[in-house]
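Enquirer: Below are the structure tokens for one structure; questions will follow.
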Amino acid sequence: MDYINEAFKENWIAPLGPNVNGFEQDICEYSGIDHCAALSSGTSAIHLALIMLGVNRGDTVLTQSFTFAASAFPITYVGAKPIFIDSEKETWNMDPNALEDCLKQINESTNQHLPKAIIPVHLYGMPAKMDEIIEIANKYEIPVIEDAAEGLGASYKGKKLGTFGDIGIYSFNGNKIITTSGGGALVSNNEDYVNQARFLATQARDNAPHYEHTQIGYNYRMSNISAGIGRGQMQVLDEHVKRRREIWQTYYDEFKDVFEFQNPSDSNQRNNKSTNQLYSNRWLTTILTPSYQKREEIRLALEKENIEARPLWKPMHMQPIFKESPYYGDGLSERLFEKGLCLPSGSNMTEEQQARVIGVIKND
Ligand SMILES: *Cc1c(COP(=O)(O)O)cnc(C)c1O
């Protein structure tokens with residue numbers, strides 16, 4: 001509220017201003033990255049990243065099949081086509097083996113060009129296998145856009161997510177680990193990318209006293225009010241991560257013999273150090289039940305008690321809109337979708353509320 005009141009007092013009600021600059025600085029310091037552009041959404045950040053990497057009509061871009069559609073939609077905004085890569089079973093994120101298979105096949109075929117970008121995703125805050133993915137990307141000289149929309153505050157080998165790719169993106173949508181009500185950011189150690197993102201996000205206005213345009217622009221900048229919310233939220237980010245990891249631990253202790261969990265080795269030693277190999281922010285606690293039927297029984301039992309629990313993301317290669325798109329993998333994401341459930345995991349959930357959720361699941 002202090003940041004927002006300040007914005008009103010100073011009459012900085014615009015898609016620029018001190019909160020925008022301050023929020024960008026906060027993100028840079030927190031994640032350990034050199035440059036950041038605050039934008040209107042994570043989706044717009046991916047869109048701009050693709051434009052800056054020169055992705056065009058007729059190109060292809062690789063992304064994870066097991067993700068939210070916003071990882072893939074922007075690929076189509078630039079006229080390119082997505083190719084979907086399945087997940088591996090430890091992190092449930094992009095399988096480096098399937099990625100390598102795909103690139104090898106494309107490289108060996110005579111009528112296909114290599115993809116223009118790879119978009120790995122850190123789903124539910126769990127780091128993807130970045131060393132392996134970056135190594136393969138480097139081998140084929142393909143840039144990486146790291147979709148860390150769900151991964152702010154998580155880290156891989158002690159380094160914050162969003163800082164591994166050529167470009168990283170965050171989301172501050174209402175449901176994410178912190179929110180600006182709606183918003184996103186594009187981060188990079190390459191200053192040119194971030195300057196170019198700011199330029200494109202403010203209608204590509206060339207340097208002139210009148211409005212002069214040599215490129216197509218977008219209205220994608222974050223407002224000074226939203227950024228004020230973001231600055232306040234940055235102060236509670238680590239608390240949110242701590243709380244979400246506690247919530248995950250409570251579910252895990254209760255159900256570790258009944259359900260499978262996404263990479264439990266990250267936290268089951270109650271090790272809350274961000275130097276863990278894979279340190280998830282545990283944005284959502286996700287479980288894999290024994291069967292579709294069991295998953296639905298649990299979901300409906302919760303729903304009857306007015307408790308919302310949703311299935312895991314439906315893989316992109318199973319979505320009607322992407323049914324023609326190529327897909328590489330062995331179907332793990334299909335099994336995750338069939339049997340998986342996100343449990344209530346909000347940072348403000350009380351112990352009593354979580355006990356109620358656990359009670360309903362146990363009685364089912
Ligand atoms: C939320 C989300 C996005 C998009 O972010 P918005 O700010 O909602 O546009 C992209 N990718 C993933 C994996 C997400 O969860």
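The values are calculated or read from the model by the stated rules, or taken from the named source; none is laboratory data. In this text, all values refer to a predicted model and were calculated from it rather than measured experimentally. Cβ placement follows ideal geometry from the backbone for every residue including glycine, while neighbour counts extend to all protein chains displayed. With ligands, DNA and RNA removed, areas are computed over all heavy atoms of the protein, side chains included. Shrake-Rupley method; radii C 1.70, N 1.55, O 1.52, S 1.80 Å.
Enquirer: Six or more apart or on different chains, Cβ under 6 Å: which pairs go from a residue in segment 102-114 that's at negative phi to one that's of a type in the set (S, T, N, Q)? Could you list them?
Expert: ILE106/GLN112
Enquirer: Being buried (at least 24 other Cβ atoms within 10 Å of the Cβ) and not β-branched (Val, Ile, Thr) is the filter; apply it to segment 53-79 and report the residue that is nearest to the ligand (Cβ to nearest atom).
Expert: Result: SER71.
Enquirer: Considering each of PRO82, PRO120 in turn, give the residue that is within 16 Å of the ligand (Cβ to nearest atom) and within 16 Å of the chain's Cα centre (by Cα).
Expert: The match here is PRO120.
Per-residue answers, yes or no, for (1) within 14 Å of ALA45 (Cβ to Cβ); (2) among the small types (Gly, Ala, Ser); (3) open to solvent by 40 Å² or more (accessible area, probe 1.4 Å):
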| position | (1), (2), (3) |
| --- | --- |
| GLU141 | no, no, yes |
| ALA149 | yes, yes, no |
| LYS160 | no, no, yes |
| GLY174 | no, yes, yes |
| SER181 | no, yes, yes |
| ALA185 | yes, yes, no |
| TYR218 | yes, no, yes |
| ASN224 | no, no, no |
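Enquirer: Same structure, new question: Answer yes if at least one residue in segment 41-51 is open to solvent by 10 Å² or more (accessible area, probe 1.4 Å) and either among the basic types (Lys, Arg) or farther than 20 Å from ILE119 by Cα (or both), and no otherwise.
Expert: No: zero hits.
Enquirer: Hey, another quick one. So the check is Cβ under 9 Å with 6+ separation or different chains; which pairs have a first residue in segment 330-359 that's without any contact (Cβ under 8 Å) to a residue 60 or more places away in the chain and closer than 27 Å to MET94 by Cα and a second one that's small (Gly, Ala, Ser) and in a helix (DSSP H, G or I)?
Expert: Here the result reads none, with nothing in segment 330-359 linked to a residue that is small (Gly, Ala, Ser) and in a helix (DSSP H, G or I).
Enquirer: Another one. For segment 163-177, enumerate the residues that are more than 12 Å from the ligand (Cβ to nearest atom), assigned to a loop (DSSP other than H, G, I, E, B) and in contact (Cβ under 8 Å) with a residue 60 or more places away in the chain.
Expert: THR163, ASP166
Enquirer: Related question: Taking the residues in segment 273-322 that are modelled with pLDDT under 95 and open to solvent by 90 Å² or more (accessible area, probe 1.4 Å) as candidates, determine which candidate is farthest from SER155 (Cα to Cα).
Expert: Filtering first and then ranking leaves LYS273.
Enquirer: A further question follows. What are the residues in segment 251-268 that are surrounded by fewer than 16 Cβ atoms within 10 Å (Cβ to Cβ) and out of contact with any strand residue (DSSP E or B) (no Cβ under 9 Å at 6 or more places or on another chain), if any?
Expert: ASP253, LYS256, ASP257, PRO264
Enquirer: Another question, if that's okay. Among the residues in segment 197-212, are any open to solvent by 50 Å² or more (accessible area, probe 1.4 Å) and touching a Leu at 6+ places or on another chain (Cβ under 6 Å)?
Expert: The answer is no, given that none of the residues of segment 197-212 is open to solvent by 50 Å² or more (accessible area, probe 1.4 Å) and touching a Leu at 6+ places or on another chain (Cβ under 6 Å).
Enquirer: Please determine, by comparing only the residues of segment 133-162 that are out of contact with any strand residue (DSSP E or B) (no Cβ under 6 Å at 6 or more places or on another chain), farther than 26 Å from CYS342 by Cβ and of a type outside the set (A, V, I, L, M, F, W, C), which one is nearest to the ligand (Cβ to nearest atom).
Expert: LYS159
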